[in-house]
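Taken together, the values in this text are just the output of simple stated rules run on the coordinates, not laboratory data. Because the structure is predicted, anything quoted here is derived from the model rather than measured. Counting neighbours? That spans all protein chains shown, and the Cβs are built from the backbone with ideal geometry, glycine included.
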């Protein structure tokens, strides 16, 4: 197998056996990145000097006879909405084109402490607002399976970097499907942990009650290893959940005999591409053959998920993005006549079309006379959606459905129709509204493009998701097929 498509645990074996040094591994991935990046545009910033220095530190530990942690020396990429001390952090927005944070996000500190090698910051939809990575203020990222198609979003750069062998692992953020949907479209594993399981300190906020950081990986075992690193209570984040650390690798290699799997009827009917539905039906047969009990489930309020999400998320975005005013940091228009003119010109020049659209929607929903009719009503409907999941997960151990209603679509295909773009996340949004965990695992191909299966579970029960996903992965036989670049 090509070095660039090996898993972290395979590469760990090579490092500990002395078959390759961390420096050599880092240089190999930097060279790979350089050879394919022009076609893919997955990275905004490449941190070559930092990466080689971090790899050198790992080699010193190896030379000293130290036993390496599982992910030490393994290359990783970080979505460009997570602060990295001394490295430009743009959120793919012109308003932050020159922002260099003076501190690192908690997750970044954790991957550094684990000895991981940070290759760079990945492209995304501006401020994580989008489903295709076409909304970046700098570049459009291409899907490695077909460079005329989108990789999904908003964490498209992170998904592509793993799928194309530019890195081994990556971090993304998921507000309405922004890890799971691009993972599905690019044929990799992507997980949104339970809200509060991973610290959001140092993550640039989009919608604070929905945002969650999570891993991209080539296989479920790597996902579990990275989850081990990034989860845990953080006193710097008031929404971080207290509790003991969990070893998610303990859920690997467990059978799923007798587990109850619910298939929500709302996510297998109208709007789901027939090719995608066929692959998910085949995946369910695999789960059944492994001893799982498959039954139909229902999430009746899911039909309200899109309008509920696009009221709550835009309202929170309107509030969070009010801080970008040209005064404290980021872009400042120098031709303004007065302070109000400066605010208007700086924000008009700095924000892209989709971000402006969502700020306006959210500001309207929060405005006097409309709050009760829109935002408050959306919060009540969100509670009903969460209660649907509570009832379903009382009956079932996990819920399973397509991660995305279709495969990767062509660039420009949905940019003129925001509603069609929003519908790309129809099966993922409810998971964020309910605050529960979800994982996308490769489930086959339709028309030569990857299809992902989403597994959803109870709050803080990521272990069961890992268990089911790993059992499926081991039996379905989809590992080992990679894009040709």
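Points worth noting:
- Take the Cα of residue 285, step 7 Å toward its Cβ, do the same at residue 53, and the gap between the two points is 5.5 nm.
- Share of pairwise Cα separations in the chain, more than 45 Å, in percent: 7 percent
- Rounded FRET efficiency, nearest 0.05, which uses the C-beta distance separating residue 356 from residue 384 and R0 of 22 Å: 0.10
- Segment 418-464 - Debye-derived log10 I(q)/I(0), Cα point model, q = 0.26 Å⁻¹: -0.99
- Where Rh is the Kirkwood radius over Cα pairs, Rg/Rh for segment 150-307: 0.97
- Size-normalised alpha-carbon gyration radius of segment 5-140, reference 2.2 N^0.38 Å: 1.10
- Measure of compaction for segment 209-255 (Cα Rg per 2.2 N^0.38 Å): 1.30
- For the chain, the 222 nm mean residue ellipticity estimated from helices alone, with every DSSP H stretch of n ≥ 4 adding -39500 (n - 2.57) and the total spread over all residues, rounds to -11500 deg cm²/dmol.
- The rule of thumb for compact globular proteins, 2.2 N^0.38 Å, goes into the C-alpha radius of gyration of segment 248-308 1.36 times.
- Packing, as the average of other Cβ atoms within 10 Å across residues, places the peptides 430-438, 39-47 in the order 430-438, 39-47, highest first.
- Radius of gyration, Dmax [segment 138-223; alpha carbons; angstrom]: 12.3, 37
- Shape metrics for segment 154-202, restricted to C-alpha atoms - Rg then Dmax, Å: 10.7, 30
- Ordering of 313-322, 330-339 by packing [mean C-beta count within 10 Å, highest first]: 313-322, 330-339
- Binned Cα-Cα distance frequencies in segment 265-338 - 5 Å width, integer %: 3, 11, 11, 12, 11, 9, 8, 7, 7, 7, 6, 3, 2, 1, 0
- What the Kirkwood sum gives for segment 221-373 is a hydrodynamic radius of 20.9 Å, with every pair of different alpha carbons counted.
- Cα-based convex hull, segment 76-226, per residue volume (Å³, whole number): 92 Å³
- Computed log₁₀ I(q)/I(0) - Debye formula, equal Cα scatterers, no solvent, segment 343-442, q 0.15 Å⁻¹: -0.90
- Its convex hull of Cα atoms gives segment 185-268 a direction-averaged projected area, equal to a quarter of the hull surface, of 7.8 nm².
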